[in-house]
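What follows is a set of notes on a single structure, which appears directly below.
The values are calculated or read from the model by the stated rules, or taken from the named source; none is laboratory data. On a predicted model such as this, the values are computed, not experimentally measured, just so you know. Neighbour counts are summed over all protein chains in view; Cβ atoms, including those assigned to glycine, are modelled from backbone coordinates with ideal geometry.
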Amino acid sequence: MMKEKFTTLISTAVLLPIENIDTDQIIPARFLKATTREGFGNNLFRDWRYDAEGNPKSDFVLNNSRYTGKILVAGKNFGCGSSREHAAWALYDYGFRAVISSFFADIFKNNALNNALLPIQVSDSFLQKIFNALERDNAMPLIIDLENQFVMLRGDKEPFEINAYKKTCLINAYNDIDYLLSLREEIKAFDLVN
Amino acid sequence: MLFIDRHFIHEVTSPQAFDGLRKRGIGVFNTKRTTATADHNVPTKDQHLPIKEALSRQQVETLRKNCAEFGIDLYDLGHPFQGIVHIIGPELGLTLPGMTVVCGDSHTSTHGAFGNIAFGIGTSEVEQVLATQCVLQYKPKTMRIEVNGPLDKGVTAKDIILYIISKASASGATGYFVEYAGTTIESLSMEARMTICNMSIEMGARGGLIAPDQTTFDYIKGRKFAPQGEAFDAAVAKWKTLQTDSDAVYDRVAKFDAADIAPMITYGTNPGMGIKITDRIPTTKELREISEHASFNKSLEYMGLEEGTALLGKAIDYVFIGSCTNARIEDLREVARLVQGKTKAPEVNVWVVPGSKQVEAQARKEGLDKIFEAVGFELRSPGCSACLGMNEDKVPAGKYCISTSNRNFEGRQGPQARTFLASPLSAAAAAITGRVTDVRELI
């Protein structure tokens with residue numbers, strides 16, 4: 001289910017300088033019981049965001065009004081653990097359109113790309129630069145240019161890699177499934193002899 | 001583009017995929033290649049009664065409705081084949097060497113123990129497989145992990161994989177598929193091999209596999225959906241060719257000596273944070289990178305532990321023996337052998353959750369249920385249970401649980417629950433003493 005076309009994104013960012021953030025933190029298992037894709041944003045980072053009584057924890061970044069925006073910047077190995085696509089849905093539903101980290105877990109990366117959420121892998125040093133700069137100035141926007149494959153922090157351009165096919169899908173809001181369905185007859189022929 | 005030979009589905013990651021098919025007005029591409037079961041949020045008590053929790057009940061009912069509408073075989077609650085999806089696939093002979101296997105669950109790597117390309121997928125990909133029997137994938141890099149030599153007593157497959165992950169870190173194999181090899185791996189039973197492949201994802205590898213051999217063929221022979229008679233012999237001849245070429249080149253190779261492996265335990269909040277059960281928790285000074293400090297300290301704070309201290313003797317509150325990592329019959333036999341004639345520590349709650357109805361039936365047939373009962377362990381009904389706490393089986397906030405499952409993430413076993421991952425033997429030893437214990441002292 002592709003949502004909207006992704007071209008350029010200019011936004012402030014939310015900082016989460018923690019490594020190995022697993023998908024159980026992004027959306028705990030007890031909130032996976034819905035049978036639709038919507039509404040998971042309410043429980044994004046649930047146990048870091050709210051205490052046991054459901055009150056917002058003031059020390060968590062999503063409860064800090066200084067940091068808002070459509071870009072999440074997180075420590076390395078973001079999205080490890082469970083394959084739950086609900087993690088990508090929750091981030092998207094909350095309003096994020098891109099996640100920047102120095103390393104992503106594979107399944108999360110695929111899930112994000114399948115949901116118009118752009119995972120951008122940058123160098124450790126560039127990631128640190130973003131953390132440092134935005135801790136000083138939370139209003140500083142980041143510019144993400146998917147067509148030309150770079151992230152810009154002030155004048156500092158960091159290129160990023162993305163699979164050419166996935167890039168085309170994001171820019172045009174295409175789905176893998178549309179492509180696969182166009183090959184259904186060929187796949188049927190293969191299935192018969194295997 | 002990969003054609004998928006075997007697709008498993010469960011109640012949590014499939015409903016949105018079926019909705020997608022409905023919206024497009026298309027059916028399932030080949031219903032014979034998909035098998036469903038209810039496991040993630042099912043209760044492990046009174047499974048014959050309607051599920052009490054409304055949302056869980058709705059998810060299981062949605063699975064029922066979808067399987068009926070689209071014509072997919074479902075091993076529902078109460079069916080003699082129901083169980084954790086990664087346990088029933090192999091035990092029914094649905095998982096066979098040389099297949100491509102996917103499921104909307106990261107522990108699909110388990111099926112790699114049969115020499116398969118098996119990996120977890122997201123729900124969008126579940127929809128793609130239902131609609132076209134194919135997924136689009138990047139070609140992964142290859143890694144060979146060799147373990148050689150005999151294992152010490154009390155050291156099991158779980159300790160091997162926790163040891164490997166502690167060396168590799170929670171992201172050390174991201175982007176790779178891992179082949180496990182070496183004399184130690186070859187000497188393991190199929191169930192032990194599944195434990196190893198199961199946790200590949202905990203170091204970031206989507207898939208982990210082991211070349212099929214006589215152990216594999218003997219395990220498969222006679223299983224419900226496996227080829228029978230002459231067809232089986234023909235299949236074995238084909239499966240025998242599924243060995244890595246002797247001159248194969250890997251992107252990375254790592255070798256370990258089985259003699260260096262001891263019973264393992266994790267102290268932190270990712271599975272890479274593991275130590276020998278007799279070791280101390282590392283100090284921040286001993287960490288590889290300064291960037292790890294914040295996460296390490298956060299982790300220890302969550303766990304209520306101090307750097308540089310020992311875990312041996314630490315009092316525990318819960319013991320969970322179960323999950324797709326360690327809930328097969330051999331796991332239950334090992335636990336029963338260790339605890340027979342002993343009594344559990346009075347203050348500890350012990351849940352033994354079999355991986356499937358077949359495992360449960362076999363355990364009862366062998367009288368393991370009686371042994372557990374005498375010790376004070378509770379043998380429950382099959383499901384994922386306290387591995388991820390989607391059902392009622394949650395560890396209370398602040399309590400310590402020694403668990404045979406695969407993840408010690410914050411809140412994994414319940415909000416604020418604290419998890420120590422270990423082998424079934426180490427978990428059973430802790431159930432008896434009420435403390436983190438070196439099982440070698442009880443053998």
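Taking the condition of being outside any loop (DSSP other than H, G, I, E, B) and of a type outside the set (Phe, Trp, Tyr), how many residues in the range B:1-27 meet it? Give the steps one after another, and end with the answer.
Of the range B:1-27, the ones outside any loop (DSSP other than H, G, I, E, B) are B:2-3, B:6-9, B:15-24.
Okay, now just the ones that are also of a type outside the set (Phe, Trp, Tyr), so B:2, B:6-7, B:9, B:15-17, B:19-24.
Residues in the range B:1-27 being outside any loop (DSSP other than H, G, I, E, B) and of a type outside the set (Phe, Trp, Tyr): 13 in total.
Go through (1) in a loop (DSSP other than H, G, I, E, B); (2) facing chain A (nearest Cβ under 10 Å); (3) surrounded by fewer than 17 Cβ atoms within 10 Å (Cβ to Cβ); (4) not aliphatic (A, V, I, L, M) one by one and return the number of the condition residue B:48 breaks.
In the conditions (1) in a loop (DSSP other than H, G, I, E, B); (2) facing chain A (nearest Cβ under 10 Å); (3) surrounded by fewer than 17 Cβ atoms within 10 Å (Cβ to Cβ); (4) not aliphatic (A, V, I, L, M), residue B:48 misses (2) alone.
Only one of B:415, B:382 is out of contact with any strand residue (DSSP E or B) (no Cβ under 7 Å at 6 or more places or on another chain) and either surrounded by fewer than 24 Cβ atoms within 10 Å (Cβ to Cβ) or at pLDDT 95 or above (or both). Can you tell me which?
B:415
Let's see how each residue does on (1) surrounded by 23 or more Cβ atoms within 10 Å (Cβ to Cβ); (2) touching a residue at least 12 places away in the same chain (Cβ under 8 Å); (3) of a type in the set (Gly, Ala, Ser); (4) more than 19 Å from residue B:220 (Cβ to Cβ):
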residue: B:72; (1), (2), (3), (4): no, yes, no, yes
residue: B:78; (1), (2), (3), (4): no, yes, yes, yes
residue: B:82; (1), (2), (3), (4): yes, yes, no, yes
residue: B:85; (1), (2), (3), (4): yes, yes, no, no
residue: B:89; (1), (2), (3), (4): yes, yes, yes, no
residue: B:93; (1), (2), (3), (4): no, yes, yes, no
residue: B:109; (1), (2), (3), (4): yes, yes, yes, no
residue: B:113; (1), (2), (3), (4): yes, yes, yes, no
residue: B:121; (1), (2), (3), (4): yes, yes, no, yes
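Mind listing just one residue for me: the one in the range A:4-20 that is part of a loop (DSSP other than H, G, I, E, B) and touching a residue at least 60 places away in the same chain (Cβ under 8 Å) and, of those, surrounded by the fewest Cβ atoms within 10 Å (Cβ to Cβ)? Step through it out loud before you land on a result.
From the range A:4-20, those part of a loop (DSSP other than H, G, I, E, B) are A:4-7, A:12, A:17-20; that's our starting set.
In the following step, the residues that additionally are touching a residue at least 60 places away in the same chain (Cβ under 8 Å) were identified as A:4-7, A:12, A:17, A:20.
On the way: A:4: 10, A:5: 12, A:6: 21, A:7: 12, A:12: 17, A:17: 17, A:20: 28.
For the range A:4-20, the residue satisfying everything is A:4.
With the structure loaded, tell me whether residue A:123 is more than 16 Å from residue A:21 (Cβ to Cβ), more than 13 Å from chain B (Cβ to nearest Cβ) and not hydrophobic (A, V, I, L, M, F, W, C) or whether it fails that test.
Against the criterion (more than 16 Å from residue A:21 (Cβ to Cβ), more than 13 Å from chain B (Cβ to nearest Cβ) and not hydrophobic (A, V, I, L, M, F, W, C)), residue A:123 does not qualify.
Would you check which residues across the range A:21-44 are out of contact with any helix residue (DSSP H, G or I) (no Cβ under 6 Å at 6 or more places or on another chain) and more than 16 Å from residue A:115 (Cα to Cα) and list them? Outline the logic, then answer.
Step one: list which residues in the range A:21-44 are out of contact with any helix residue (DSSP H, G or I) (no Cβ under 6 Å at 6 or more places or on another chain), which gives A:21-22, A:24-25, A:29-30, A:34, A:36, A:38-39, A:42.
Those that are out of contact with any helix residue (DSSP H, G or I) (no Cβ under 6 Å at 6 or more places or on another chain) and more than 16 Å from residue A:115 (Cα to Cα): A:21, A:22, A:24, A:25, A:29, A:30, A:34, A:42.
Considering only the range A:21-111, give the helices (runs of 4 or more DSSP H) lying wholly within it that have at least 1 residues that are out of contact with any Gly (no Cβ under 6 Å at 6 or more places or on another chain), closer than 30 Å to residue A:145 by Cβ and modelled with pLDDT of 95 or more.
Numbers: elements: A:23-26, A:46-49, A:86-94.
Because the criterion is at least 1 residues that are out of contact with any Gly (no Cβ under 6 Å at 6 or more places or on another chain), closer than 30 Å to residue A:145 by Cβ and modelled with pLDDT of 95 or more, the helices (runs of 4 or more DSSP H) in the range A:21-111 that meet it are A:23-26, A:86-94.
Please determine, by comparing only the residues of the range B:182-230 that are among the β-branched types (Val, Ile, Thr), away from chain A (no Cβ under 14 Å) and under 23 Å from residue B:271 (Cα atoms), which one is surrounded by the most Cβ atoms within 10 Å (Cβ to Cβ). Break it down stepwise before answering.
As a first pass, look at the range B:182-230 and keep what is among the β-branched types (Val, Ile, Thr): B:183-185, B:195-196, B:201, B:210, B:215-216, B:220.
Filter again for away from chain A (no Cβ under 14 Å), leaving B:183-185, B:195-196, B:210, B:215-216, B:220.
Keeping just the survivors that are under 23 Å from residue B:271 (Cα atoms) gives B:184-185, B:195-196, B:210.
Details: B:184: 23, B:185: 22, B:195: 29, B:196: 27, B:210: 25.
Checking each candidate, the answer is B:195.
Out of (1) buried (at least 22 other Cβ atoms within 10 Å of the Cβ); (2) in contact with a strand residue (DSSP E or B) (Cβ under 8 Å, 6 or more places away or on another chain), the odd one out for residue A:145 is which?
Checking residue A:145 against (1) buried (at least 22 other Cβ atoms within 10 Å of the Cβ); (2) in contact with a strand residue (DSSP E or B) (Cβ under 8 Å, 6 or more places away or on another chain), the one that fails is (1).
Per-residue answers, yes or no, for (1) of a type in the set (A, V, I, L, M); (2) under 17 Å from residue B:274 (Cα atoms); (3) over 16 Å from the mean Cα position of the chain (by Cα):
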{"position": "B:117", "(1), (2), (3)": "yes, no, yes"}
{"position": "B:128", "(1), (2), (3)": "no, no, yes"}
{"position": "B:136", "(1), (2), (3)": "yes, no, yes"}
{"position": "B:140", "(1), (2), (3)": "no, no, yes"}
{"position": "B:152", "(1), (2), (3)": "no, no, yes"}
{"position": "B:159", "(1), (2), (3)": "no, yes, no"}
{"position": "B:190", "(1), (2), (3)": "yes, no, no"}
{"position": "B:202", "(1), (2), (3)": "no, yes, no"}
{"position": "B:216", "(1), (2), (3)": "no, no, yes"}
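Scan the range B:318-336 and give yes if some residue there is more than 25 Å from residue B:393 (Cα to Cα) and more than 14 Å from chain A (Cβ to nearest Cβ), otherwise no.
no
Looking at the range B:310-347, which of the residues that are under 30 Å from residue B:219 (Cα atoms) and of a type in the set (Lys, Arg) is surrounded by the most Cβ atoms within 10 Å (Cβ to Cβ)?
B:328
Take residues that are touching a helix residue (DSSP H, G or I) at 6+ places or on another chain (Cβ under 9 Å) and within 14 Å of chain A (Cβ to nearest Cβ) and tell me which of the strands (runs of 3 or more DSSP E) falling wholly in the range B:80-149 contain 2 or more.
Hits in the range B:80-149: B:100-103, B:117-120.
Among the numbered criteria (1) closer than 28 Å to residue B:33 by Cα; (2) without any contact (Cβ under 8 Å) to a residue 24 or more places away in the chain, which one does residue A:136 miss?
(1) is the only condition that residue A:136 fails.
So which residues in the range B:35-73 are aliphatic (A, V, I, L, M), under 21 Å from the mean Cα position of the chain (by Cα) and within 22 Å of residue B:22 (Cα to Cα)?
B:36, B:38 - these are the residues of the range B:35-73 that are aliphatic (A, V, I, L, M), under 21 Å from the mean Cα position of the chain (by Cα) and within 22 Å of residue B:22 (Cα to Cα).
What do you reckon, is residue B:39 in a loop (DSSP other than H, G, I, E, B), more than 10 Å from chain A (Cβ to nearest Cβ) and under 19 Å from residue B:105 (Cα atoms)?
yes
Take residue B:360 and tell me if it is under 25 Å from residue B:313 (Cα atoms), touching a residue at least 12 places away in the same chain (Cβ under 8 Å), among the acidic types (Asp, Glu) and touching a helix residue (DSSP H, G or I) at 6+ places or on another chain (Cβ under 9 Å).
The answer is no for residue B:360.
Hey, which of the strands (runs of 3 or more DSSP E) in the range B:326-443, taking only ones fully inside, have at least 2 residues that are more than 27 Å from residue A:23 (Cβ to Cβ)?
Correct list: B:349-352.
State all residues of the range A:34-48 that are on the phi < 0 side of the Ramachandran plot and surrounded by 17 or more Cβ atoms within 10 Å (Cβ to Cβ); if no residue qualifies, say none.
Hits for the range A:34-48 are A:34, A:35, A:37, A:40, A:43, A:44, A:46, A:47, A:48.
Have a look at A:79, A:69 and point out the one that is in contact with a helix residue (DSSP H, G or I) (Cβ under 7 Å, 6 or more places away or on another chain) and at positive phi.
Testing whether each residue is in contact with a helix residue (DSSP H, G or I) (Cβ under 7 Å, 6 or more places away or on another chain) and at positive phi leaves just A:79.
In the range B:227-239, is there at least one residue being touching a residue at least 24 places away in the same chain (Cβ under 8 Å) and of a type in the set (Phe, Trp, Tyr)?
yes
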